[in-house]
Each structure stands twice: as structure tokens, then as C-alpha cells.
1. Has region 96-111 got any residue that is closer than 19 Å to ASP20 by Cβ, open to solvent by 60 Å² or more (accessible area, probe 1.4 Å) and either within 11 Å of the chain's Cα centre (by Cα) or touching a residue at least 60 places away in the same chain (Cβ under 8 Å) (or both)?
2. Can you tell me which residue is modelled with the lowest pLDDT among those in region 17-54 that are farther than 18 Å from GLU108 by Cα and among the charged types (D, E, K, R)?
3. With the checklist (1) loosely packed, with under 11 Cβ neighbours inside 10 Å; (2) over 30 Å from ALA89 (Cα atoms); (3) in contact (Cβ under 8 Å) with a residue 24 or more places away in the chain; (4) not acidic (Asp, Glu) in hand, flag the one item ILE21 doesn't pass.
4. Out of the residues in region 54-81 that are open to solvent by less than 80 Å² (accessible area, probe 1.4 Å) and among the aliphatic types (A, V, I, L, M), which is nearest to the chain's Cα centre (by Cα)?
5. Those residues that are surrounded by 11 or more Cβ atoms within 10 Å (Cβ to Cβ) and of a type outside the set (D, E, K, R), I need them from region 82-92; list them, please.
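The values are calculated or read from the model by the stated rules, or taken from the named source; none is laboratory data. Keep in mind that what you see is a predicted model, and the values were worked out from it rather than measured. In this analysis, Cβ positions are derived from the backbone assuming ideal geometry, glycine residues included, and neighbour counts consider all displayed protein chains. What goes into the accessible areas is simple: the full protein's heavy atoms, side chains included, and nothing from ligands, DNA or RNA. Shrake-Rupley method; radii C 1.70, N 1.55, O 1.52, S 1.80 Å.
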Amino acid sequence: MVKLPSASGGRHGRADGTRDIIVAHGKGRLPNHSVSDWVRYADDVVVVTATAEKELPANEDEVELGAGYIPREVALEVEDTVWSRSGTARPAPEAGFAWPAAGWTFDEDGKAPMAMEG
């Protein structure tokens with residue numbers, strides 16, 4: 001993870017009370033950066049709209065320690081199925097589905113939003 005520096009130069013936040021964004025870097029299990037990657041590895045390619053989000057409970061051990069990660073789940077509504085692989089084990093999502101998304105980190109100073117990159 002890379003913590004972006006705050007505007008105020010402080011350790012945990014900005015002068016206006018907002019928190020720094022934590023940028024987590026990772027590598028996907030499969031290539032997913034191009035249309036050819038999607039056709040090669042995906043079962044379906046869909047256009048979605050985020051309709052809701054909810055904070056999920058943090059790990060109890062991290063809560064006890066006073067620092068950790070708070071997961072987030074985003075509800076996605078399927079607007080269109082652009083492409084589907086023939087012969088898949090399950091059909092493309094029709095109405096919508098839940099997606100695990102970057103949440104927040106937390107410590108004694110509160111919580112800071114996370115963004116995923118990579």
C-alpha cells in the first residue's frame with residue numbers, strides 16, 4: 001500500500017478534516033486490461049451501474065488491535081450484456097449482483113478510503 005501525502009503535511013489527514021486515500025497495488029489472477037483479455041478469460045462482459053454500497057464488518061482481530069481494513073460491497077445493476085462465452089456453466093447475470101470493492105483502512109484516528117490499482 002502507498003499512502004498519499006496529506007495536503008497539510010500531517011500524518012493522518014488534511015487540514016479540512018478529510019483523510020488521505022490509501023492506494024493498494026495488486027495483480028489480478030488473470031489478465032484483464034484489454035478487450036482481447038476479456039474475450040480470452042471472461043465468461044461475460046457486462047455494462048453495470050452501481051446502485052448502492054455498504055460497509056461490511058471489519059475482522060474482529062483487527063478491531064481488537066485498533067487498526068485494519070473495513071471491506072465494502074457494491075450493488076451493481078446490469079444494464080447490458082455485451083458479450084458471453086458459449087457453453088459456460090452459468091448464465092450471464094440478468095438483473096444485478098454484489099461486488100466486493102475497496103473499502104477503508106482504520107486506526108485510532110478514524111478511517112481512510114482505499115483505491116485499488118494494478
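1. Start the filter on region 96-111 by keeping residues that are closer than 19 Å to ASP20 by Cβ, which leaves 101-111.
Keeping just the survivors that are open to solvent by 60 Å² or more (accessible area, probe 1.4 Å) gives 108-109, 111.
From what is left, the residues that are either within 11 Å of the chain's Cα centre (by Cα) or touching a residue at least 60 places away in the same chain (Cβ under 8 Å) (or both) are 109, 111.
There is at least one residue in region 96-111 that is closer than 19 Å to ASP20 by Cβ, open to solvent by 60 Å² or more (accessible area, probe 1.4 Å) and either within 11 Å of the chain's Cα centre (by Cα) or touching a residue at least 60 places away in the same chain (Cβ under 8 Å) (or both).
2. Just the residues of region 17-54 that are farther than 18 Å from GLU108 by Cα, to begin with: 23-54.
From what's left, among the charged types (D, E, K, R): 27, 29, 37, 40, 43-44, 53-54.
On the way: LYS27: 79, ARG29: 84, ASP37: 91, ARG40: 90, ASP43: 90, ASP44: 89, GLU53: 95, LYS54: 96.
For region 17-54, the residue satisfying everything is LYS27.
3. Against the list (1) loosely packed, with under 11 Cβ neighbours inside 10 Å; (2) over 30 Å from ALA89 (Cα atoms); (3) in contact (Cβ under 8 Å) with a residue 24 or more places away in the chain; (4) not acidic (Asp, Glu), ILE21 comes up short only on (1).
4. Result: VAL74.
5. We begin by selecting, within region 82-92, every residue surrounded by 11 or more Cβ atoms within 10 Å (Cβ to Cβ); these are 82-85, 88, 92.
If the condition is that a residue be surrounded by 11 or more Cβ atoms within 10 Å (Cβ to Cβ) and of a type outside the set (D, E, K, R), then VAL82, TRP83, SER84, THR88, ALA92 are the ones that fit.
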